[in-house]
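See below for the structure under consideration.
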Amino acid sequence: MQRQKIYCGEVCMLRSPLYFPNFRWLWLGQTMILSAAQFWFVSLTWLVLQKMGSGLAVGTVLVAAAIPRALFMLIGGAISDRLPTRNVATIAASINTVLIGLATTLLVFDAVQLIYLVAIAVLFGLFEAILYPAILALLPQLVRKSQLAEANAWMQSSEQFTEVIGPAGAGFMIGAFGLTIAFFINTLIFALGSLFIYLVRTRRRQPLAAETQKPALMGEIILGLKYAWTQPAIRISLLLLAMINFAMLGPIIIGVAAMVNVRFEGNATTFGYLQAAYGIGALIGVLVASQLSAVKSPKTPLVLLCYGLGAGLIALGFVQEFWIAAGIIALMGIGGGTVTVMGITWLQQNTAANMQGRIMGLTMFAAVALDPLSQAISGAFLEVSLTGLFVAAGATMLLTALASSMSRTPEVKSVITNLSLPISEPVISVHNLNHYFGSGGLRKQVLFNINLEIYAGEIVILTGPSGSGKTTLLTLMGGLRSAQEGSLKILGYEICGANKQQLTKLRRQIGYIFQAHNLMTFLTAQENVRMSLELHDQYLNNDINSKAMTMLEAVGLAERLNYYPENLSGGQKQRVAIARALVSHPKIILADEPTAALDKKSGRDVVELMQKLAKEQGCTILLVTHDNRILDIADRIIYMEDGQLKGNHYES
């Protein structure tokens, strides 16, 4: 199959994210790090038991790691948003490698003391809280949104795999070679995972000319919390995730262990099989999720999961046969694995780029914050009744699902729901495009072998020096010029060689925002916006005056409806131009230097308004600019020079 090359972040399109080296390094790094973390958990537990001989000491060390890991998840997410994500993950993984190496050194010199192990555990948990949100926030920078489900499936599959191979490997190494060798191997595995994360390359974040200082870290955390709370679908998803982990963790670990002891003759192997049943089910669920299409909101699958888990937990309270219990637990694992991938994928797709770390930190915080409480309550319930524990946990799940079903949580509108193309199809597809000006001996080539794909909902900035061909490419995409050579598909239609009627039809699907706003000076602001609606037959039977008025109110010009352009400021004229471009709900917005004639504040206000309204309507935005002050609104930044698209810059 011929590979279609593009020059905007990825080298080519293949079905599997594993084709891309950067994702491959991330996946291998996570696999090694999670295996080493599981290995560390078993080795550390055994070390404390061997050296201290106290269950209380084991609990002290494990709690010392768990508390900072839970408390600092939000800080870890904020750090990932504040600093280069790859660097954050690499440094955190490297520090934990050093900490395991320090424990190994204590073993070698027979200097192990409880206070040293507690200190190492505290630091290890702290840097885990920084490491894991960074890995999750790094993923969307490496693959397209359409590939996030499959990429998350690979990441979750490795997590399920490491939960088996890590403890098993630790047990084998300790038994075969002793604690010192086991800790040394653990250090090497963690070091290898750190190296793989270091090898990941992401697009360099462009510095903003207008950005002089960043807010305080605590301010960024508060901003992240406000962002999550004001996004209804994110808020309800995090609350449901917290309740699922609260109701599930204690019963599945403590309750199932008690079930084996009471009903299945106390066989440790049986307990292992039941725990493995959930892991196998989760792995199947991950594979199922990788084949499903994106969801509009994670609320529905999370609510369905709550119903399923509730029914499963109640059933476990009365099961007397091992194979029935294993089947129920496996089905619960399938549901959990499926919804985990779908939920994380949705969050990554619908979270602002500069909030990825904080939302991933919140996600992990929701997953672990109530674990100690769940275990404590489960232990207390076991003193009364094993069946009562499972029934109470199941009832909690069912009540949570029922309350969530009855709540009217507004759905976050997906940025692709208004598009007729499938999620994986680009809305703009350019291949081997060449363009010329003049004829005969004066003929000059201005675009050279352009290859580019832009997907639904993306905000893409095209930048580069004057005369590099940016505006020419933009006008070709907008149907303002006829494409000459190559392939140019807009919304699935080939327009290279299209006639005037076809180009006119295409232009009605596109909104344009120009540097000079191009308003009709003899029309009021409302009449300028209404004129855009008059070009569309479907609006002619509607109250187009009301629609134009509503759109102008949305851009903050409710008091300027009847003003002529000469009586408006530069920023207000561009707001009218934005309203005119968006009022007909186009599928694509093309903007050519919309801030060039505006001051710093007006320019910023205009692009943020354009971004907000376009996202609400589900538009794709391609914006040509020289303005470094607005680069941070983009999902992707493409550089153009001498009529050619250049590759993205990567971190060194």
Qualifying positions in region 478-505 - within 30 Å of Leu568 (Cβ to Cβ), out of contact with any Lys or Arg (no Cβ under 8 Å at 6 or more places or on another chain) and among the hydrophobic types (A, V, I, L, M, F, W, C): none
For region 177-195, which residues satisfy the criterion of being open to solvent by less than 30 Å² (accessible area, probe 1.4 Å) and either closer than 15 Å to Ile33 by Cα or at pLDDT 95 or above (or both)? Phe183, Asn186, Thr187, Phe190, Gly193, Ser194
Conditions: (1) charged (D, E, K, R); (2) under 21 Å from Ile589 (Cα atoms); (3) modelled with pLDDT of 85 or more. Lys444 meets all but one. Number of the miss? (2)
Go over the candidates Asn545, Asn518 one by one and state the one that is assigned to a helix (DSSP H, G or I), open to solvent by 30 Å² or more (accessible area, probe 1.4 Å) and either at positive phi or at pLDDT 80 or above (or both). Asn545
Out of curiosity, is Ala92 open to solvent by less than 10 Å² (accessible area, probe 1.4 Å) and either closer than 21 Å to Ala367 by Cα or outside any helix (DSSP H, G or I) (or both)? yes
With respect to the numbered conditions (1) under 21 Å from Glu593 (Cα atoms); (2) at pLDDT below 85, which one is the sole condition not fulfilled by Leu506? (1)
Here is a check on your reading of the model: is Gln30 open to solvent by less than 20 Å² (accessible area, probe 1.4 Å) and of a type in the set (S, T, N, Q)? yes
Which of (1) hydrophobic (A, V, I, L, M, F, W, C); (2) open to solvent by less than 50 Å² (accessible area, probe 1.4 Å); (3) within 22 Å of Gly171 (Cα to Cα) is the odd one out, the single condition Met73 does not satisfy? (3)
What number of residues within region 561-574 satisfy the criterion of being open to solvent by less than 70 Å² (accessible area, probe 1.4 Å) and part of a helix (DSSP H, G or I)? 6
Residues located in region 450-460, provided they are over 15 Å from Glu641 (Cβ atoms), in contact with a helix residue (DSSP H, G or I) (Cβ under 8 Å, 6 or more places away or on another chain) and hydrophobic (A, V, I, L, M, F, W, C): Ile459
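Just one of Leu114, Leu102 is hydrophobic (A, V, I, L, M, F, W, C), surrounded by fewer than 20 Cβ atoms within 10 Å (Cβ to Cβ) and touching a Lys or Arg at 6+ places or on another chain (Cβ under 9 Å); which is it?
Values: Leu102 fails: touching a Lys or Arg at 6+ places or on another chain (Cβ under 9 Å).
Only one candidate qualifies: Leu114.
Pick from Ile621, Ile578: which is part of a helix (DSSP H, G or I), surrounded by 20 or more Cβ atoms within 10 Å (Cβ to Cβ) and not small (Gly, Ala, Ser)?
Details: Ile621 fails: part of a helix (DSSP H, G or I).
After applying the criteria, what remains is Ile578.
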Among the residues of region 367-400, how many are open to solvent by 40 Å² or more (accessible area, probe 1.4 Å), in contact with a helix residue (DSSP H, G or I) (Cβ under 6 Å, 6 or more places away or on another chain) and not in a helix (DSSP H, G or I)? 1
Being among the hydrophobic types (A, V, I, L, M, F, W, C), buried (at least 18 other Cβ atoms within 10 Å of the Cβ) and at pLDDT below 80 is the filter here, so list the residues in region 583-616 that pass it. Leu598, Val606, Val607, Leu609, Met610, Leu613, Ala614
Can you list residue pairs whose Cβ atoms sit under 8 Å apart, with the first residue in region 320-331 being within 15 Å of Glu265 (Cβ to Cβ) and the second being in a helix (DSSP H, G or I) and among the polar types (S, T, N, Q)? Count only pairs 6 or more apart in sequence or on different chains. Phe322/Thr270
Is at least one residue of region 470-482 in a loop (DSSP other than H, G, I, E, B) and under 32 Å from the mean Cα position of the chain (by Cα)? yes
I'm checking my understanding of the structure. Among residues of region 491-503 that are out of contact with any Gly (no Cβ under 7 Å at 6 or more places or on another chain) and open to solvent by less than 40 Å² (accessible area, probe 1.4 Å), which one is modelled with the lowest pLDDT? Ala498
Of residues in region 57-70 being in contact (Cβ under 8 Å) with a residue 60 or more places away in the chain and closer than 19 Å to Gly166 by Cβ, the one surrounded by the most Cβ atoms within 10 Å (Cβ to Cβ): Arg69
By residue number, the members of region 521-538 that are assigned to a helix (DSSP H, G or I) and surrounded by 13 or more Cβ atoms within 10 Å (Cβ to Cβ) are Ala525, Gln526, Glu527, Asn528, Val529, Arg530, Met531, Ser532, Leu533
Reported set for region 455-492 where residues are free of Cβ contacts under 8 Å to residues at least 40 places away in the same chain and either among the aliphatic types (A, V, I, L, M) or under 13 Å from Lys587 (Cα atoms) (or both) is Leu480
Matching residues in region 34-56 (open to solvent by less than 60 Å² (accessible area, probe 1.4 Å) and in contact (Cβ under 8 Å) with a residue 40 or more places away in the chain) number 12
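The values are calculated or read from the model by the stated rules, or taken from the named source; none is laboratory data. Just so you know, these numbers come straight off a predicted model, no measurement behind them. Using ideal geometry, Cβ is built from the backbone for each residue, glycine included, and neighbour counts are taken over all protein chains shown. Surface areas here come from the heavy atoms of the whole protein model, side chains and all, with no ligands, DNA or RNA. Shrake-Rupley method; radii C 1.70, N 1.55, O 1.52, S 1.80 Å.
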